[in-house]
1. I'd like to check something: does the stretch B:62-72 contain any residue that is at pLDDT 95 or above, in a loop (DSSP other than H, G, I, E, B), more than 9 Å from every other protein chain (Cβ to nearest Cβ) and in contact with a Leu (Cβ under 8 Å, 6 or more places away or on another chain)?
2. Taking A:SER80 as meeting all but one of (1) without any contact (Cβ under 8 Å) to a residue 40 or more places away in the chain; (2) part of a loop (DSSP other than H, G, I, E, B); (3) surrounded by 14 or more Cβ atoms within 10 Å (Cβ to Cβ), write down the number of the exception.
3. Has the stretch B:73-83 got at least one residue that is out of contact with any Leu (no Cβ under 8 Å at 6 or more places or on another chain) and on the phi > 0 side of the Ramachandran plot?
4. May I ask you to verify whether B:LEU2 is in contact with a strand residue (DSSP E or B) (Cβ under 7 Å, 6 or more places away or on another chain) and either more than 12 Å from chain A (Cβ to nearest Cβ) or open to solvent by 60 Å² or more (accessible area, probe 1.4 Å) (or both)?
5. Go through the stretch A:25-46 and give me each residue that's within 11 Å of chain B (Cβ to nearest Cβ), assigned to a strand (DSSP E or B) and farther than 17 Å from B:VAL91 by Cα.
6. Does the stretch A:7-24 contain any residue that is within 9 Å of chain B (Cβ to nearest Cβ) and over 30 Å from B:LEU9 (Cα atoms)?
7. For the stretch B:8-36, which residues satisfy the criterion of being within 13 Å of chain A (Cβ to nearest Cβ), within 14 Å of B:GLY105 (Cβ to Cβ) and either open to solvent by 20 Å² or more (accessible area, probe 1.4 Å) or more than 11 Å from the chain's Cα centre (by Cα) (or both)?
Amino acid sequence: DGGITQSPKYLFRKEGQNVTLSCEQNLNHDAMYWYRQDPGQGLRLIYYSQIVNDFQKGDIAEGYSVSREKKESFPLTVTSAQKNPTAFYLCASSVLPGTSSYEQYFGPGTRLTVT
Amino acid sequence: ELKVEQNPLFLSMQEGKNYTIYCNYSTTSDRLYWYRQDPGKSLESLFVLLSNGAVKQEGRLMASLDTKARLSTLHITAAVHDLSATYFCAVDGETSGSRLTFGEGTQLTVNP
């Protein structure tokens, strides 16, 4: 089955610790994205990548870091510099610009709680 | 900066009634997407609208796109409880590459 997996589903951390969220896709998509969603809010873009070893900041990149060493994988690290990291994190992927549709496909999400 | 606005943000309706959710956006684009999110879950793609005048229908939901007015609508016909969810529209602007900008979402509750 093709799709996007995120792990873990729930993650609990103490304040001051870095934590890495996993995102893997087997859709052969070139582009991958990380979003943050707060309760009752829309999605805000953290980082995105259109090619291996390259990525761009989204609207709320401060306190986060990413890597794209493989096409299938786009892990997100929430660092201790992120002031309010508790949120629902969604990973997505899509084909590249130049095709007719940039429809993004979403993983199941990781709910991060930092205390 | 591309802005996407949905209204209403909250919608409570009775089963069997019709209603429309509106999505306005601020820049030129002919690609618009509608997603559904159930509580605590991820986003599920509903419709992809790729040109002016595009209309897509699935069951009791119908989406349309007017690129000249920079407006998309999601029309609900004879609502049922199973349609209760949050609905998001998303737009990619002509200069944004593959980035999507999402609206705030419309939280729909269908009451018996």
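1. No, the stretch B:62-72 contains no residue that is at pLDDT 95 or above, in a loop (DSSP other than H, G, I, E, B), more than 9 Å from every other protein chain (Cβ to nearest Cβ) and in contact with a Leu (Cβ under 8 Å, 6 or more places away or on another chain).
2. (1)
3. Yes, the conditions are met somewhere in the stretch B:73-83.
4. In short, no.
5. A:GLN37
6. No, because not a single residue in the stretch A:7-24 is within 9 Å of chain B (Cβ to nearest Cβ) and over 30 Å from B:LEU9 (Cα atoms).
7. Selection gives B:LEU9, B:PHE10, B:ARG36.
The rows are residues; the columns are (1) assigned to a loop (DSSP other than H, G, I, E, B); (2) out of contact with any Pro (no Cβ under 7 Å at 6 or more places or on another chain).
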position	(1), (2)
B:GLN6	no, yes
B:GLY16	yes, yes
B:SER29	yes, yes
B:TRP34	no, yes
B:PRO39	yes, yes
B:GLY93	yes, yes
B:SER98	yes, no
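The values are calculated or read from the model by the stated rules, or taken from the named source; none is laboratory data. As the structure is a prediction and not an experimental result, all values here were calculated from the model. Every residue, glycine among them, receives a Cβ derived from its backbone with ideal geometry; neighbour counts consider all protein chains shown. For accessibility, only protein heavy atoms count, side chains too; no ligands or nucleic acids. Shrake-Rupley method; radii C 1.70, N 1.55, O 1.52, S 1.80 Å.
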